[in-house]
1. Which numbered condition trips up P378, out of (1) crowded, with 18+ Cβ neighbours inside 10 Å; (2) in contact with a helix residue (DSSP H, G or I) (Cβ under 9 Å, 6 or more places away or on another chain); (3) modelled with pLDDT under 90; (4) not β-branched (V, I, T)?
2. List every residue pair whose Cβ atoms lie under 8 Å apart, where the two residues are 6 or more positions apart in sequence or sit on different chains, the first residue falls within the range 321-348 and is under 18 Å from P376 (Cβ atoms), and the second residue, located anywhere, is of a type in the set (F, W, Y).
3. From S265, S233, grab the single residue that is hydroxyl-bearing (S, T, Y) and under 30 Å from A459 (Cβ atoms).
4. Looking at (1) under 23 Å from H217 (Cβ atoms); (2) modelled with pLDDT under 90, find the lone condition where G333 falls short.
5. Part of a helix (DSSP H, G or I) and of a type outside the set (S, T, Y): is that true of L73 in this structure?
6. Any residue that is over 20 Å from A253 (Cβ atoms) and surrounded by 16 or more Cβ atoms within 10 Å (Cβ to Cβ) - is there at least one of those in the range 289-304?
7. Is it fair to say S32 is more than 23 Å from E133 (Cα to Cα), over 34 Å from the mean Cα position of the chain (by Cα) and not in a strand (DSSP E or B)?
8. Find the residue count for the range 299-351, including only residues that are basic (K, R) and not in a helix (DSSP H, G or I).
Amino acid sequence: MLGRAVSAVHNGIQSELVYVEADVSSGFPRFSIVGLPDSAVNEARLRIRSAFHNCSLPFPKGRITVNLQPASLRKQGSGLDLAIAIAILRAEGMLVERKQTAFLAELGLDGSLVPAEATVGLALRLAEAGIQELYVAPGPPIPGPLASLMNIVASSTLTQVVAQLTNHPPVCAVPSRTSMDDKTSRQDATIPFDMLDSLPNRAFEKRLLAISAAGRHPLLFIGPPGVGKTTLSHRLIDLLPNLSEADALRSYAYHELVNPNAQFSLRPPLREPHHTLTPAGLTGSGSPPRPGEVTLADNGVLLLDECFEFSKATLNALREPLTSGVIHVSRNGRTASLPARFLLVGTANPCPCGWRGYGECRCLEHDVRRYWSRCPGPLLDRIDLIHYMNRVPDGTNNPLGSRDPVAFELRQAVSQARAILEPVDELDPIKQFQPRAVSMLTHLCDKLCVTERVVVQTAKLARTIAALDRRDEIRVEDVEEAFALRSSARR
């Protein structure tokens, strides 16, 4: 007799459905698993046999053949244990097959269920395939948006799963659905404004943060040590609106692959890698490729503190995702396209000692040129906003500052600007420009002999400036400010 069950496995950053078939026939007792299983999947034979014995479930005495479809996909991990056990029980006639039901858990020798690796990404794929009920092991709370897509049943043992499938719930029933605590969800969606409000005399820098957040324009702060570059860069994430539930689930699934203790949140992710980061760590590594920093920062902020200390190869790897929002990775003959639509913000010193133009600089001229050569020219050309920061004059304000509504107003302006910019046609950079604004854009581009990329980026920057002022139409002053912001720091 043939028994079937449904589960899922990770294939790099993607999740793939696995259809488990179990055939029990007469013959010499043997337990075989086919369909490209790895060592962890093959070892399921021993775990399942012991779990059946310790749960007082009859184990088939004949020949057992388990097929994992699709056979061409490499099956990795131990999350298929429960699905294989259920398929065997169905092959023996002990359980009736249920459609739109899946199983995702590892089995212990005593029949207990252990959570599978990165369950959320697998559950999302199963929900997309129309699965309505998923049996898992008790573990971290399931995000509320995921629990609303399907009925997630948390069971502690194989015996409980069998009892629930036969409509005879055990005495110690586990709640059928777990979700994030409401209070925790509200806290995750709350945006702290205290730090941004407590930075006095930084009105221009805060406007740059708003422009960057509204139009997703890369931003670079340059200045001496201790001037507040990193503090301001950390506050950029506060101006971004909350993610949609679908985007938040996808972001959580990416983070869960590299950090089992990741927490679900509706806030955009902020990634701040160390300057020793390698190109593979930035773009993704492994076979099949696992997410790198650009993918983990998808729909969020990638902060490169002291970005000129990163290797030139690492910085060069940013050029493709900054332009297309996708990174194509090839590892050992396998290619994957990973999402990488992040907002780049960086900080840097003007020279190796950090005081060139701000105080007594001890650097030689060739040391300064070599320092700046670490950042490739094509990458600097893709950064729309480069700003040289100065120290705040002493005695102008209380260092702690008094709370004012500037952060709240900035976030409101960013949200409204994004709503205006969303339907804009990316293929027509000068759409909705006034005729005089188009003439000004053409005149300045011809006078400065800029490239086509700079023309398009300047037009987008002018559109963002107009959107922050709640205008659909782009005026001459918007074009002038956009050119001033792009060219003032490129000296």
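The values are calculated or read from the model by the stated rules, or taken from the named source; none is laboratory data. Since we're looking at a predicted model, the values are computed, not measured. Note: ideal-geometry Cβ built from the backbone for every residue, glycine included; neighbour counts use all protein chains shown.
1. Here P378 meets the rest and fails (1).
2. P321/F342; V345/F221; G346/F221; T347/F221; A348/F221; A348/F308
3. Within the list S265, S233, the selection yields S233.
4. (1)
5. No.
6. yes
7. It is false that S32 is more than 23 Å from E133 (Cα to Cα), over 34 Å from the mean Cα position of the chain (by Cα) and not in a strand (DSSP E or B).
8. 3
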